[in-house]
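Following: one structure in structure tokens, then a few remarks.
Coordinate-derived values only; no laboratory data. Here the structure is a predicted model, which means the values were calculated and not measured. All Cβ positions, glycine included, derive from the backbone under ideal geometry; neighbour counts span all protein chains shown.
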């Protein structure tokens, strides 16, 4: 029986890979079968990649690769990454990460605005910190817009522009 077939016949176990003291370690935990169709080892591989391991290292963490050459590990890891179910799971984990990062950024923004409100609307009448906090709050809601006015001089010809530049250069050079 091959290792892949043995995975589907055995009771469901998951190898959990976590960092302990800066070093990854394995812990086997019984779990229910996955709804996404992955074996527990495939899920452990995907989780290791999600946690930052390269493909070969993730393969070593999820599978028994002690007797395998680095080239074989690389090949097996590549096959796993390119398998549709594992690739889909990696995309799903990436979407979860992006969502979590977005929620974290939003939470941080809310905390900053709350702190600025506390300072800006506090009892300290007219203090520098209060004025700066109100300014930053105003900027955060688009209250202050920088308006840049430009003069349209498109009706000038090349000779006029050349003459203006020469005059400016003479003024700059003190002539």
Cβ-Cβ FRET estimate between residue 107 and residue 166, R0 fixed at 45 Å, reported to 0.05: 0.20
Mean Cβ neighbour count within 10 Å, used as a protection proxy, ranking 105-114, 84-93 highest first: 84-93, 105-114
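From the Cα trace of the stretch 74-125, what convex hull volume per residue do you get, rounded to a whole Å³?
58 Å³
Once you wrap a convex hull around the alpha carbon atoms of the stretch 91-169, what is its projected area averaged over all directions, in nm²? Please list the in-between numbers first.
Values: hull surface 47.6 nm².
The orientation-averaged projected area of the Cα hull of the stretch 91-169 comes to 11.9 nm².
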